[in-house]
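See structure below.
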Amino acid sequence: QNTEKDSYVMSTSSYYSPWLLGYSGRKTIAPGLFDYNKWNLSTWNLFWNTNDIELTKELLSQYEKPLYIYIGKNSRFNMDKFNNNCFEVFNKIRDSVIYKYKC
């Protein structure tokens, strides 16, 4: 709830999606869930597996900003895409991190 009131939060795993929806108070994007998800499973698989920042930017451009991405300890996918200036660590708690997407 420390993000802008009009922001979106993306869950990278359906495991965390209900928790984010309930506690963030923000529009929640989640794999296969809720009203704001624009991707099918194939697109989610592209996002999860790529380390290509240009592809990542193209995929994320389908969503409005400000956009925050929640990565929990149970998330298992290619994290290399977050190692560039398009992503800023917004919050890190134990094994979880929230990135702000800036591109």
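Within segment 71-103, how many residues are within 20 Å of residue 27 (Cα to Cα), in a loop (DSSP other than H, G, I, E, B), modelled with pLDDT of 90 or more and open to solvent by less than 80 Å² (accessible area, probe 1.4 Å)? Residues that pass the stated criteria total 1. Looking only at residues that are in a loop (DSSP other than H, G, I, E, B) and closer than 12 Å to residue 26 by Cβ in segment 49-70, which one is most open to solvent (accessible area, probe 1.4 Å)? For segment 49-70, the residue satisfying everything is 64. The listed residues are 42, 24, and the only one of them that is loosely packed, with under 12 Cβ neighbours inside 10 Å and without any contact (Cβ under 8 Å) to a residue 60 or more places away in the chain turns out to be 42.
The values are calculated or read from the model by the stated rules, or taken from the named source; none is laboratory data. Treat the numbers as computed from the prediction; the structure is a model and nothing was measured. Neighbour counts run over all protein chains shown; Cβ positions are idealised from the backbone, glycine included. Surface accessibility is based on the protein's heavy atoms, side chains included, excluding ligands, DNA and RNA. Shrake-Rupley method; radii C 1.70, N 1.55, O 1.52, S 1.80 Å.
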